[in-house]
Amino acid sequence: MNKGKVLSLGIQHVLAMYAGAVIVPLIVGSALKLSAEQLAYLVAIDLMTCGIATLLQVWNNRLFGIGLPVVLGCTFTAVGPMIAIGAQYGMSAIYGAVIAAGFFVFMIAGMFSKIVKLFPPVVTGTVVTIIGITLIPVAIKDMAGGQGSSDFGSPQNLLLSFGVLSSIIIIYRFSNGFIRAVSILLGLFIGTVAAAMLGMISFAPVMEASWFHMPRPFYFGVPTLEAGAVITMVLVAIVSMIESTGVFLALGKICGKELSTDDIAKGYRGEGLAIMLGGIFNAFPYTTYS
């Protein structure tokens, strides 16, 4: 495959995960009643740390990194727990728990990778299938306009979303080669143009925002450790590791790479570092997106 195709498919991959990466900070920030400035920072820092976390995971070295074409993004599994922790203990407890969970993942990576033998194809296939099924409610809510939006479920939102879906299906069905490979990217482009024509896109916030905003570690204050919050986030991290195992093995099959337990352990460590990074910059716990 030439470099042009690889680049376009990579862009498609990033755009496909972009909505998921943005919707998590919007949901969490809105639920915790953050100000517009804080919410903007949360979205921006999340995108930055998504990029750094992805680089950590694709950089295959002796200590960490799965070395497969994956993208890391904030895990939807953490949304409910983060909101509950923030409501009870405050923002500082969220990030103390996230950092602790990341450290836990990094430390148990080697041991956890040893139990991969307990995951035959029927198990990992089931996990990957469940990941897809659990994403269906998120997709349906996004199609209706996004959870909490004032026009949730409006005919305009449904018409636009089904129009995008139909465009992708038609392009994929009646094309081949490169055009079929980037059908999702083309569908996103068609949907964006249609949304702009319907007046659903506003560039005012972009024009009003400052050009630069330096990332600040511990933006929401020094992290604090609350036992209940830490245990909750560690459980979230373990679930994320199990999901990532299925993704690693499935993607290894697709890429023709036989993954060893050491490779899996490095993938877990990359994820652990990414989670700690999210805690330090007050972003989110990260997982390997399927």
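The values are calculated or read from the model by the stated rules, or taken from the named source; none is laboratory data. What you are looking at is a predicted structure, and each value in this text was computed from that prediction instead of being measured. Cβ coordinates were reconstructed from backbone atoms using ideal geometry, including for glycine residues, and neighbour counts include every protein chain displayed. When the accessible area is computed, the model is the full protein with side chains, heavy atoms only, and any ligands, DNA or RNA have been set aside. Shrake-Rupley method; radii C 1.70, N 1.55, O 1.52, S 1.80 Å.
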Report summary line: Within the range 201-290, DSSP-loop chymotrypsin sites (Phe, Trp or Tyr not before Pro) with at most 12 other C-beta atoms within 10 Å are 203, 211, 212
Report summary line: Sites removed, the longest contiguous part of the chain containing no DSSP-loop trypsin sites (Lys or Arg not before Pro) with at most 10 other Cβ within 10 Å is 63-290
Query raised in the report: For residue 73, which sequence-distant residues (separation of 5 or more, or a different chain) have an amide H within less than 5 Å of its own amide H, given hydrogens modelled in the peptide plane?
Result: 287, 289
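Given axes a ≥ b ≥ c from the Cα gyration tensor, I'd like to know whether the range 27-177 is rounded (a/c under 1.5), prolate (a/b larger than b/c) or oblate. Let's see the in-between values first.
Numbers: a/c = 1.88, a/b = 1.13, b/c = 1.66.
Oblate shape, in that a/c is at least 1.5 and b/c is the bigger or equal ratio.
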Query raised in the report: Using alpha-carbon pairs under 8 Å, 6+ residues apart, how would you state the relative contact order of the chain in percent?
Result: 38
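How would the range 150-290 be classified by its alpha-carbon gyration tensor: rounded, prolate or oblate, with rounded meaning a/c under 1.5 and the a/b versus b/c comparison settling the rest? Intermediate results must be reported in sequence, preceding the final value.
Values: a/c = 2.29, a/b = 1.26, b/c = 1.81.
Note, shape of the range 150-290 comes out oblate.
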Query - Where N is the number of residues in the chain, Cα Rg divided by 2.2 N^0.38 Å - result: 1.03
Requested in this report: Send over a whole-number figure in Å² for the accessible area per residue of the chain, probe 1.4 Å.
Outcome: 53
Report task. Quick one: which residues, 5 or more positions from residue 281 or on another chain, have an amide H under 5 Å from its amide H? H modelled 1.01 Å from N in the peptide plane, none for Pro or chain starts. Result -> 218
Query raised in the report: In whole Hz, what ³J(HN,Hα) sequence does the range 63-75 give by Karplus (6.51, -1.76, 1.60; θ = phi - 60°), x for Gly and Pro?
Result: 9, 8, x, 6, x, 10, x, 10, 10, 9, x, 5, 7
Report summary line: Connecting every pair of Cα atoms under 10 Å apart in the chain and solving the GNM, the largest mean-square fluctuation among 25, 137, 81 falls on 137
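At R0 = 22 Å, how high is the FRET efficiency between residue 254 and residue 144 if r is their beta carbon distance? Nearest 0.05 is fine. Could the numbers behind the result be given before it?
On the way: r = 32 Å, r/R0 = 1.44.
Computed FRET efficiency for residue 254 and residue 144 comes out at 0.10.
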Query raised in the report: Name the residues of the range 143-177 whose amide N is less than 11 Å from a point 7 angstrom out from the Cα of residue 198 along the C-beta direction?
Result: 143-145, 153-165
**Report entry** Dipole-positive endmost among 167, 179, 229 within the range 142-245 (Cβ charges, Cα centre)
**Finding:** 179
Query - the range 25-168: relative contact order in percent, alpha carbon pairs under 8 Å with at least 6 residues between - result: 12
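Where nothing but the Cβ of Lys and Arg (+1) and of Asp and Glu (-1) is charged, how large is the charge dipole of the chain around its Cα centre, in debye to the nearest 20? Present the calculation step by step, with values, prior to reporting the outcome.
Numbers: 14 positive and 11 negative charges, 149 e Å.
Approximately 720 debye in magnitude.
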Report summary line: Of the DSSP H helices in the chain, the ones reaching 30 Å or more along their long axis in Cα terms and averaging at least 1.0 in Kyte-Doolittle hydropathy are 3-31, 36-58, 91-113, 121-143, 227-255
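Looking at this model, which pairs from 3/117; 5/257; 114/141; 5/114 are more than 32 angstrom apart at the alpha-carbon?
Distance filter (> 32 Å) returns 3/117; 114/141; 5/114.
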Report summary line: Everything considered on the Cα gyration tensor (a ≥ b ≥ c; rounded for a/c under 1.5, else prolate if a/b is larger than b/c, else oblate), the range 138-198 must be described as prolate
**Report entry** Mean separation of Cα contacts under 8 Å, 6 or more apart, over the residue count of the range 159-290: relative contact order %
**Finding:** 21
Report summary line: With a 1.4 angstrom probe the carbon and sulfur portion of accessible area for the chain, in percent, totals 72
